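**Q** Attaching a single structure in structure tokens format; questions to follow.
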Amino acid sequence: MDAQKVVLKGRDLLTLHNFSPDEVAAIIELAGELKEKQNCQVPHACLQGKTLGMIFQKSSTRTRVSFEVAMYQLGGYPMFLSANDLQLGRGESIADTAKVLSRYLDGIMIRTYSHAEVEELAHYATIPVINGLTDLLHPCQILADLQTIKERKGTFAGLKLAYVGDGNNICHSLLFGCAKVGMHISVACPDGYMPDGEIVRLAKEDALPTGSKVEIMNDPVEAVSGADVVVTDVWASMGQEAEQKKRAGVFPPYQVNEQLVAHAAQDYIFLHCLPAHRGEEVSAGVIDGRHSAVWDEAENRLHAQKAVLALLL
């Protein structure tokens, strides 16, 4: 596939569900090409004169740094906008903010809590809006995950990914991402923390044309058995701090540790979006062990997002 032949200019990236398998494949392919250019110090300033506004209502290490560096390396200008920098923080409507920012910028990346607010922003904006994370979905992270899997495994065909832990935004976007690329996914969560039923339904629809198998269960051993990729996330995400104590009593059987990954394929890789809490959702032996690809995964946030920016803006 020629990634340059897939036209995404002007599109929003709110969820991978809205992108076809070919479009997802094109983003991953271009991410690899841009990574190679960066590693070979080949200039690729395809966004000269473009400006990206970055709205952060949730703080971040990887999202902020990777998007800023991405725009810089593509020749554009990244503009950081905290909640305190905008009149949003003083009651201006999302619709009015979207209309104004559309007159100044070439694109908006937003990292926030409510997915509905991001959808509203995209509805009223006349420029591309990129979901840098909401409580429901985290598509940019999963594009980096898919790029990492492709680098390590060479293909998605026939692979099984196991996600163990909270049925959160990472889990939701992995369901969509695996379905789009034809990779099987088994999700193991405790009762009360299962992924959103509508997300699961849509992911199963997405899986039909690609042959992906989507399984939701309680048993982490069953999910991880034979898995080529094992993924987890923190037990309490940002904004769920009040639930930390309760969750700490529920999730220990879902820790990804040496005993659990013994059921995975011998050459499995481990992924985690970070930040990680060693001794909670993952043992130090797994995340710092020879199967871990978390640092490649973190780096690939830069390259996958460069591909998104280059194609959308």
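**Q** Is there any pair with a first residue in the range 253-271 that is touching a residue at least 40 places away in the same chain (Cβ under 8 Å) and open to solvent by less than 80 Å² (accessible area, probe 1.4 Å) and a second that is hydroxyl-bearing (Ser, Thr, Tyr) and assigned to a strand (DSSP E or B) whose Cβ atoms are under 8 Å apart and which are 6 or more apart or on different chains, and what are they?
**A** Within 8 Å, the pairs are Tyr254/Thr232; Val256/Thr232; Ile269/Ser292; Phe270/Ser292.
**Q** When you check Glu222 against the structure, is it over 15 Å from Asn257 (Cα atoms), open to solvent by 10 Å² or more (accessible area, probe 1.4 Å) and out of contact with any Leu (no Cβ under 7 Å at 6 or more places or on another chain), yes or no? Lay out the reasoning, then the answer.
**A** Working: over 15 Å from Asn257 (Cα atoms): no; open to solvent by 10 Å² or more (accessible area, probe 1.4 Å): yes; out of contact with any Leu (no Cβ under 7 Å at 6 or more places or on another chain): yes.
No: the conditions fail for Glu222.
**Q** Shifting gears a bit: Condition first: among the β-branched types (Val, Ile, Thr) and surrounded by fewer than 22 Cβ atoms within 10 Å (Cβ to Cβ). Now tell me which residues in the range 153-175 satisfy that.
**A** Thr155, the sole residue that qualifies.
**Q** Within the range 228-239, does at least one residue satisfy the condition of being at pLDDT below 95 and farther than 15 Å from Cys273 by Cβ? Please lay out each step first, then the result.
**A** Taking the range 228-239 first, the residues at pLDDT below 95 are 235-239.
Add one more test, that the residue is farther than 15 Å from Cys273 by Cβ, and what stays is 239.
There is at least one residue in the range 228-239 that is at pLDDT below 95 and farther than 15 Å from Cys273 by Cβ.
**Q** I need a count of the residues in the range 211-233 that are among the β-branched types (Val, Ile, Thr) and more than 20 Å from the chain's Cα centre (by Cα).
**A** Final tally of qualifying residues: 2.
**Q** Ok, one more. If we only count helices (runs of 4 or more DSSP H) wholly inside the range 216-303, which ones have 3 or more residues that are over 24 Å from His184 (Cβ atoms)?
**A** On the way: elements: 220-224, 244-250, 258-261, 284-287.
Fully inside the range 216-303 and qualifying: 244-250.
**Q** Further question on the same structure: Evaluate the range 227-246: report whether one residue or more is in contact with a strand residue (DSSP E or B) (Cβ under 8 Å, 6 or more places away or on another chain), open to solvent by 20 Å² or more (accessible area, probe 1.4 Å) and closer than 28 Å to Thr155 by Cβ. Explain how you work it out, then say what you get.
**A** Looking only at the range 227-246, we keep the residues that are in contact with a strand residue (DSSP E or B) (Cβ under 8 Å, 6 or more places away or on another chain), and these are 227-233.
Next, only the ones that are open to solvent by 20 Å² or more (accessible area, probe 1.4 Å) stay: 228.
Those left that are additionally closer than 28 Å to Thr155 by Cβ: 228.
The answer is yes; a qualifying residue exists.
**Q** Give the residue, chosen from Lys150, Lys99, that is assigned to a helix (DSSP H, G or I), open to solvent by 60 Å² or more (accessible area, probe 1.4 Å) and within 30 Å of His263 (Cα to Cα). Full working, then the answer.
**A** Values: Lys99 fails: within 30 Å of His263 (Cα to Cα).
Every option except Lys150 fails the conditions.
The values are calculated or read from the model by the stated rules, or taken from the named source; none is laboratory data. Bear in mind the structure is a predicted one, so any value in this text is a computation, not a measurement. Heads up, the Cβs are rebuilt from the backbone with ideal geometry, glycines too, and the neighbour counts pull from every protein chain shown. The area values use the complete protein model at the heavy-atom level, side chains included, leaving out ligands, DNA and RNA. Shrake-Rupley method; radii C 1.70, N 1.55, O 1.52, S 1.80 Å.
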